[in-house]
Amino acid sequence: MPQDGLGQPEFEKRGVAAALIHFMVTNPALIIPAVLMAAGAILSPVFLTTQNLLNILWTVSVLGIVAMGQTILLITGNFDMSVAYVVGLAGITAVIAQLYGAGLVASIVLGLLAGALIGLLNGAIIVLTKANAFLITLGTSILVYSINLILTQSKTWNVSVDSFLLLGRGKLFDTVYYSVIIFLLLGIVLQFMLRQTTFGRSLYIIGSNQRAGALSGIRIDRIKLATYVFCGTTAALAGLIMTARTGSTVANAGVGMDFDSLIAAVLGGTSLFGGRGGTLRTIVGVLILGVLNNLLVLLNIPYEAQQIAKGLVFLAVVWMDGLLQKR
Amino acid sequence: MWTKTRQFVLQHNVVMLLLFLVIFFSLTTGSLFSNGQNIHNIARQISFDIPLALALTIVLIAGGIDLSVGSVLSMAAALTMGLQPYGSWFSVTVALIFGAGVGLVNGLLVTKGKIVPFIATLGSMTVVRGIMLTYTRQQPIAGSDAAFTYWGAGSLGPIPVPILIVLAICVAVHIILKYMQLGRNLYAIGGNPEAAFLAGINVFRNKVMAFVLSGLLAAISGVLIASRLNSSTVHIGLDSGLWAIAAAIIGGASLTGGKGSVLGALLGVTTLGVLVNGMNLLGVHTYYQIGIRAIILIAVVAVDALSAMNLRKKLMMQSYGNRQ
């Protein structure tokens, strides 16, 4: 029985059937993909082909990596709406560094550093002023967008170091893309960190009861800062992979990923109110989103209507999350 | 009168900021800034932002926030233009009803659905934007009634018509906030929801009304912009929501609720309008303007949080002192 954070199993003495029902009610996230898969198989003949499923995994892996950092932040009860343009910034930094003669490693490090810096900025402002994390990161989001515009001058810039492209296009054993492996590995390692280390456990405490955490000696400010830096870095990593995939970058690469990463995390069962969730769950959430998108595309539903669907799904899941909180 | 004015200036740093900007741009741009035509332009420009700032002020007073105003604005503009063949007044009515309807849904999500306001309105922002994109098929819609442009683009003597409309709305909102039960209730709810509830205020109904007013005001802004441009595009209203939040907070509203006024919102919008106008006159590149706007938003939210923190500390010290 999965129990996140500090929750106590409350039905140890109940039967297997009761436990199963309880499991299904508390983990709607695991039922949705099953239903979606079935629906997909019925609605579209090409849906359940290995190629299509691998395509879905490949498509979602960039968003998935962004959602990993977002999940860690959500567990502490914080947000980062700046991830979308940080995705762009990292790619732009790397590509411009390459133009100035930086090699493979240097350009990757610089790209990651750019993301970490924005994370540091977010974290520092929020820790120092205790301001609304949502609005502050929306502000830095626009700030990063303007930096992207200034750096790119609204033009498309191409990758000039060929080995860099492997990050997005290379496959392990010629079957699975590196980005998919990074995504899944990140989810597993982070889940282990969350559950098995003192640091990980303290994230849940900060999210569920900050005051208790502070009184029990957790250095809240320091950890918050670290999670923001981490989130910025994962967004940057996703940006590098995205750039390597397309071979070029633009100022608004990654637009929409702020909202999508939130939806993915929440769909997986991570709470927007902190203290509940995990990165393995987010993998599930990202897959749901990917399958949903894939289905909508296969069914020829226009992009505009997809936006409506996304918003409605978001509201529904958040509403259910609120109901679960109250119980 | 004089002491009252002095008190107001001391309480609202925005007055000083506005004065500083006006003097700064007058000096740096020469006669470009302080001439009749430019002041006319600023007045017209800010008249489209004022309803949004009022919307945010009302919701912030009630302790909420509304991120959906930008989407509502663009959908209202699209409806105003798209339904114009059926009659301008019909299309305006539908646009306003749409805005109020979105506000109603927002209010229900926040009160009955118990979703935090900024999450609920983030969701509705996405949905409404999707509806707008679906409705317009991402194409601009041109107006078909030339007479309708009077409300956004016309002038009455030297004064732009929209600023007159908007000032009338300001008076109405001022009366609602200061002299009507609804307004007093909103301040009470935003200041201390529990105390308001215990005092017998219907928190549910008043909060929903705040969101309805917010949606309605956003739609008014959309109608005026559509009238001004005589068309609607998918680009309008993209960042106006955040800009309106900044204007409302500069004008004295707070994310902690219970504070804000119409006069403050007016001053906030004017300050930001003067800033944008001055930057344009100075030839500041758009890319840098976007960055400057972002820094202003961050600074405004951070300062608001810091002053709330100071207030909490002060109150804590006081209660500690009383106990001793």
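FYI, it's all coordinate maths here, none of it is from the lab. Remember, predicted model here, so these are calculated numbers, not experimental data. Reconstructed Cβ throughout: ideal geometry from the backbone, glycine too, with neighbour counts over all protein chains shown.
Could you identify which residue out of B:Lys313, B:Lys114, B:Lys259 has the top mean-square fluctuation in a GNM of chain B using Cα springs shorter than 10 Å?
Evaluated over chain B, the most mobile residue of the options is B:Lys313.
Report, in whole Å, the centroid distance computed from the Cα atoms of segment B:61-121 and segment A:188-230.
What the calculation gives is 39 Å, centre to centre.
Using only alpha carbon pairs under 8 Å that are at least six residues apart, calculate the relative contact order of chain B and give it in whole percent.
Relative contact order, chain B: 32 percent.
Given points 7 Å out from each Cα along the Cα-Cβ axis, report the A:Thr49 to A:Val297 separation in nanometres with one decimal.
Once both label points are built, they end up 1.4 nm from each other.
Tell me, B:Val105, A:Val161, B:Val128, B:Val59 in order of fewest to most beta-carbon neighbours within 10 Å?
Ascending Cβ contact count within 10 Å gives the list A:Val161, B:Val105, B:Val128, B:Val59.
Taking R0 as 60 Å, what's the FRET efficiency between B:Asn192 and B:Ala146 from their Cβ-Cβ distance, rounded to 0.05?
E(calc), rounded to 0.05, equals 0.70.
Order these by the 10 Å Cβ neighbour count, fewest first: B:Cys170, A:Cys231.
Result, fewest neighbours first: B:Cys170, A:Cys231.
Can you tell me how much longer the chain between A:Lys130 and A:Leu99 gets when fully stretched, taken as 0.36 nm per residue apart minus their C-alpha distance, in nm with one decimal?
Extra length from A:Lys130 to A:Leu99 when fully extended: 7.2 nm.
A:Ser248's amide H: which non-local residues (gap 5+, or another chain) put their own amide H closer than 5 Å, with H modeled 1.01 Å from N in plane and none for Pro or chain starts?
Sorted by chain and number, the residues that satisfy this are A:Val159.
Across segment B:58-70, in residue order, what do the Karplus-derived ³J(HN,Hα) couplings come to in whole Hz, using 6.51 cos²θ - 1.76 cosθ + 1.60 with θ = phi - 60° and x for Gly and Pro?
With coefficients 6.51, -1.76 and 1.60, one gets 4, 5, 5, 4, 6, x, x, 7, 10, 8, 7, 4, x Hz.
Once you put a point 7 Å from the Cα of B:Leu282 and another 7 Å from the Cα of B:Trp89, both along the Cβ direction, what distance in nm separates them?
My value for the distance between the label points is 4.7 nm.
Would you list the P(r) distribution for the protein assembly as shown, with all Cα-Cα distances sorted into 20 Å bins from 0 and each bin expressed as a whole %?
17, 51, 28, 3, 0
In percent, what relative contact order does chain A have, based on Cα pairs under 8 Å that are 6 or more apart in sequence?
Averaging sequence separation for qualifying contacts and normalising by length gives 33 percent for chain A.
What does the structure give for A:144-150 when I average, per residue, the other chain Cβ atoms found within 10 Å of the residue Cβ?
Mean shielding by partner chains, rounded to a whole number: 5.
Which residue, chosen from B:Ala219, A:Gln306, A:Leu121, occupies the Cα position most advanced towards the positive end of the dipole of the protein assembly as shown, where the dipole is computed from +1 (Lys, Arg) and -1 (Asp, Glu) charges on Cβ about the Cα centre?
A:Leu121
Across every pair of different alpha-carbon atoms, what Kirkwood hydrodynamic radius in Å does chain A reach?
20.4
Grab every C-alpha pair in segment B:245-324, bin the distances at 5 angstrom width from 0 up to the longest one, and report whole percents.
In whole percents, the pair-distance histogram is 3, 14, 18, 18, 15, 11, 8, 5, 3, 2, 1, 1.
Give B:Lys114/B:Lys314; B:Lys114/B:Lys259; A:Lys310/B:Lys259; B:Lys112/B:Lys259; B:Lys178/B:Lys207; A:Lys155/A:Lys310 a once-over and call out the pairs whose C-alpha atoms are over 28 Å from each other.
B:Lys114/B:Lys314; A:Lys310/B:Lys259; A:Lys155/A:Lys310
Mind checking the mean number of beta-carbon atoms from other chains within 10 Å of the Cβ atoms in B:238-251?
Counting Cβ atoms of other protein chains within 10 Å of each residue's Cβ and averaging gives 1.
With +1 on the Cβ of every Lys and Arg and -1 on the Cβ of every Asp and Glu, and nothing else charged, how large is the dipole of the protein assembly as shown about its Cα centre, in debye rounded to the nearest 20?
I would put it at about 1480 debye.
Please report the orientation-averaged projected area of chain B, defined via the convex hull of its C-alpha atoms, in nm².
With every direction weighted equally, the projected area is 18.8 nm².
Can you give the mean number of other chain Cβ atoms that lie within 10 Å of the Cβ atoms in peptide A:309-321?
5
Provide the net charge surrounding A:Lys310, with neighbours chosen by a C-beta distance below 12 Å and charges set as Lys +1, Arg +1, Asp -1, Glu -1.
-1
Quick one: among B:Gly152, B:Gly264, B:Gly87, which has the greatest mean-square fluctuation in a GNM of chain B with alpha-carbon springs under 10 angstrom?
Checking each option, the largest mean-square fluctuation is seen for B:Gly87.
What is the sum of charges around B:Gly82, taking Lys and Arg as +1, Asp and Glu as -1, for the other residues whose C-beta is under 15 Å from the C-beta of B:Gly82?
-1
Return the FRET efficiency for the residue pair B:Ala199, B:Leu108: r is the Cβ-Cβ distance, R0 is 22 Å, and the value is rounded to the nearest 0.05.
Once the sixth-power term is evaluated, E becomes 0.40.
Which residues in segment B:111-145 place their backbone N less than 20 Å from a point set 7 Å from the Cα of A:Val255 along the Cα-to-Cβ direction?
B:122-141
Of B:Leu267, B:Ala153, B:Ala308, which is farthest on the positive side of the dipole of chain B, counting Cα position, with +1 on Lys and Arg Cβ, -1 on Asp and Glu Cβ, and the Cα centre as origin?
Toward the positive end, the furthest listed residue is B:Ala308.
Which of A:Ile205, B:Thr286, B:Phe197 sits farthest toward the positive end of the charge dipole of the protein assembly as shown, with +1 on the Cβ of Lys and Arg and -1 on the Cβ of Asp and Glu?
Going by the Cα projections, it comes out as B:Phe197.
Given the C-alpha atoms of segment A:189-327, compute the convex hull and give its volume per residue in Å³.
With only Cα atoms used, segment A:189-327 gives 135 Å³ per residue.
Rounded to the nearest 0.05, what FRET efficiency do A:Thr175 and A:Arg195 give with R0 = 25 Å and r taken as the Cβ-Cβ distance? Could you check?
The value I calculate is 0.25.
Residue separation times 0.36 nm, minus the C-alpha to C-alpha distance between B:Leu164 and B:Ile295: what's the value?
Result: 44.0 nm gained on full extension.
When B:Arg293, A:Arg219, A:Arg245 are ordered from fewest to most other Cβ atoms inside 10 Å of their Cβ, what list results?
Taking fewest neighbouring Cβ atoms as first place, the list is A:Arg219, A:Arg245, B:Arg293.
Given H placed 1.01 Å from N in the peptide plane, which residues other than close sequence neighbours of B:Ser155 have an amide H under 5 Å from its amide H?
Answer set, sorted by chain and number: B:Val161.
Mind putting a number on the dipole of segment A:46-326 about its Cα centre? Charges go on the C-beta only, +1 for Lys and Arg and -1 for Asp and Glu, and I need it in Debye to the nearest 20.
640
Once both labels are modelled 7 Å past Cα along the beta-carbon direction, what's the B:Arg312-B:Asn13 spacing in nm?
In this crude spin-label approximation the distance works out to 1.9 nm.
Could you identify which residue out of B:Ser71, B:Ser26, B:Ser221 has the top mean-square fluctuation in a GNM of chain B using Cα springs shorter than 10 Å?
Between B:Ser71, B:Ser26, B:Ser221, it is B:Ser26 that shows the largest mean-square fluctuation.
What list of ³J(HN,Hα) couplings, whole Hz, do you get for segment B:23-40 from phi and the Karplus terms 6.51, -1.76, 1.60, once you set θ to phi - 60° and write x for glycine and proline?
Here the 3J(HN,Hα) series is 5, 4, 6, 4, 6, 7, 9, x, 7, 4, 7, 9, 10, x, 4, 5, 5, 4 Hz.
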